[in-house]
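Peer 1: Sharing a structure below in structure tokens format, with a few things to ask.
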């Protein structure tokens, strides 16, 4: 039912819904025994800044926000120092803060979100997507594998080591 979904820029009216989605994701990470997102990040201010800087995007299904991601068309300073090697040195898109509404988990929504992010990136003429995640974020690692993101090494983000991935959308 992908035709019933669309990706759009988040707006200030979406903040409460996005925050609820992220709160559920933070709680899930804790239940999974992960330290990721357990120390005040992400927080509501970051979501407000995402929206202000046009980085916040929501996946909509039948007029309902079902997923969120920060999609940054620009440089991620933490990615400059990688223990490993990126696939390219070209312009890239960074994806942060991916979360799906609790009621929609288990239906491949985050995977569809990445399909939309890839299409958005191509539409803007950017053919590389870089993303990082915790070593223990099994759901995100599964999504990245399914969407053919390649493990490039390790970066430090927020003071902690993270797995770094890249996908080239067109060679």
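The values are calculated or read from the model by the stated rules, or taken from the named source; none is laboratory data. Computed from a prediction, not measured in an experiment: that's the story for all the values here. Don't worry about glycine lacking a Cβ; one is built from the backbone with ideal geometry, like all the others, and counts go over all protein chains shown.
Peer 1: Give the range 28-38 a look and list any residue that's over 19 Å from residue 70 (Cα atoms) and exposed (fewer than 13 other Cβ atoms within 10 Å of the Cβ), or say none.
Peer 2: Matches in the range 28-38: 31, 33, 35.
Peer 1: Identify all residues within the range 30-70 that are under 19 Å from residue 162 (Cα atoms) and touching a helix residue (DSSP H, G or I) at 6+ places or on another chain (Cβ under 7 Å); write none if there are none.
Peer 2: Of everything in the range 30-70, those that are under 19 Å from residue 162 (Cα atoms) and touching a helix residue (DSSP H, G or I) at 6+ places or on another chain (Cβ under 7 Å) turn out to be 36, 37, 38, 42, 69, 70.
Peer 1: Any idea which residue in the range 6-52 is nearest to residue 113 (Cα to Cα), counting only those that are part of a loop (DSSP other than H, G, I, E, B) and more than 16 Å from the chain's Cα centre (by Cα)?
Peer 2: 11
Peer 1: Can I ask one more? What are the residues in the range 144-161 that are under 15 Å from the mean Cα position of the chain (by Cα) and touching a residue at least 40 places away in the same chain (Cβ under 8 Å), if any?
Peer 2: Passing the criteria: only 157.
Peer 1: Regarding the range 118-136, can at least one residue be identified that is under 19 Å from residue 78 (Cα atoms), surrounded by fewer than 21 Cβ atoms within 10 Å (Cβ to Cβ) and modelled with pLDDT under 95?
Peer 2: Yes, the range 118-136 has at least one match.
Peer 1: Give the residue that is surrounded by the fewest Cβ atoms within 10 Å (Cβ to Cβ), with candidates limited to residues of the range 62-81 that are modelled with pLDDT under 95 and farther than 26 Å from residue 154 by Cβ.
Peer 2: It comes out as 63.
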